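Taking it in order: structure first as structure tokens, then the write-up.
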Amino acid sequence: MLTIQGLNRQESEASDAPLLMDVDLHVAAGRCAVISGASGAGKTLLLRAIADLDPNQGHVTLNAKNRNQMTAQMWRKKLCYVAAEAAWWTEYAKDHFDDLTAAKEKGLIFGLSTSIFEQSISRLSAGERQRLGLARALLIDPDVLLLDEPTSALDPKSTLEIETALQAFMEQGKVIAMVTHNEAQGVRLGDDFYLMDGGRLAPRERPKS
């Protein structure tokens, strides 16, 4: 269970202009919260704030345990943020995985050949990098996935493979908070729906399928 109360983020220490304003969000175990809104509304900032990647203020708990009671490393292992374009810190794909055998098995499920892990990240397509980033996140085995446009670079077949894996993730009682402009995907995966507008988050009705 992920609970957020009064989450705020200001533009900078020298500015009083808030980018996130008193955001409240509750996502129960086994559920997916889908967040939509216009570009620049604060959706990505919200996911990054929940993951504690940027300075922010507010009360954030996971399974009733406050993030202030954990180290940043421990918190980010339990809540894994996956950007639309994942970050890579070494040249070769294989170097981003602790268990290469498990990574290759997950990659096959996502339609990735085992040879991809021997390649340079710079030589991979946007879709291959996106699937690798999601595989890396799932192999961490977090309690919460914070997903920012998780299938934006994928074809329908690959999208279905990813959505099937995300459904299985939630069936373990785990939580997803997902930003997407794809309303059809939101309907397929989502349980609770929110609209971000001007740094504020409000519940919305479930979109029609």
- Task: Subtract the Cα-Cα distance of Asp99 and Ala165 from 0.36 nm times their separation in residues, and report this length gain in nm to one decimal.
- Result: 21.9 nm
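Rounded to a whole number of µm²/s, how large is the Stokes-Einstein D of the stretch 69-121 at 4 °C and 1.567 mPa s, given Rh as the Kirkwood radius over C-alpha pairs? Write down the numbers at each step before the final one.
Details: Rh = 12.7 Å.
Answer, rounded: 102 µm²/s.
Quick one: pull the percentage of alpha-carbon pairs in the stretch 55-95 with a separation above 12 Å. Intermediate values should be presented prior to the final figure.
On the way: 581 of 820 pairs.
Of all Cα-Cα pairs in the stretch 55-95, 71 percent lie more than 12 Å apart.
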- Among the lysines, select those whose C-alpha is under 18 Å from the C-alpha of Lys94, and discard any that sit fewer than 8 residues away in the same chain. Lys104, Lys106
- Message: Helix-only mean residue ellipticity at 222 nm, the chain, DSSP H runs n ≥ 4 weighted -39,500 (n - 2.57), per residue, nearest 500. What is it?
- Response: -9000 deg cm²/dmol
- Excluding same-chain residues fewer than 8 positions from Lys43, which lysines have a Cα within less than 25 Å of its Cα? Lys65, Lys77, Lys78, Lys174, Lys208
- Query: Where in the stretch 167-209 does the amide nitrogen come within less than 19 Å of the point 7 Å from the Cα of Asp155, taken along Cα to Cβ?
  - Reply: none
- Would you kindly compute the Cα radius of gyration of the chain and its largest Cα-Cα separation (Dmax), both in Å? 16.9, 50
- Query: Which residues in the stretch 55-86 have a backbone N closer than 14 Å to a point placed 7 Å from the Cα of Gln10 along the Cα-to-Cβ line?
  - Reply: 55-58
- Query: Just the Cα atoms of the stretch 125-167: what Rg and Dmax do they give in Å?
  - Reply: 9.9, 29
- Message: Looking only at the chain, where both bridge partners belong to it, what percent of the DSSP beta bridges are antiparallel (to the nearest 5)?
- Response: 50
- Task: Would you mind putting 156-168, 37-49 in packing order, based on average other-beta-carbon counts within 10 Å, highest first?
- Result: 37-49, 156-168
- Message: Net charge within 9 Å of Val175 by Cβ-Cβ distance, Lys/Arg positive one each and Asp/Glu negative one each, not counting Val175 itself?
- Response: +1
- Item | Linear extension gain, His26 paired with Arg204, 0.36 nm per residue minus alpha-carbon span | 62.7 nm
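What translational D, rounded to a whole number of µm²/s, comes out for the stretch 62-175 from Stokes-Einstein when the hydrodynamic radius is the Kirkwood one over Cα pairs, at 20 °C and 1.002 mPa s? Display every interim value, and only then the final one.
Numbers: Rh = 14.7 Å.
D, rounded to a whole number, is 146 µm²/s.
None of the figures in this text is laboratory data; all of them are computed from the coordinates on show. Only a predicted model underlies this, so the values are computations on that prediction, with no experimental measurement involved. Methodologically, a virtual Cβ is constructed for each residue, glycine included, from the backbone with ideal geometry; neighbour enumeration extends over all protein chains shown.
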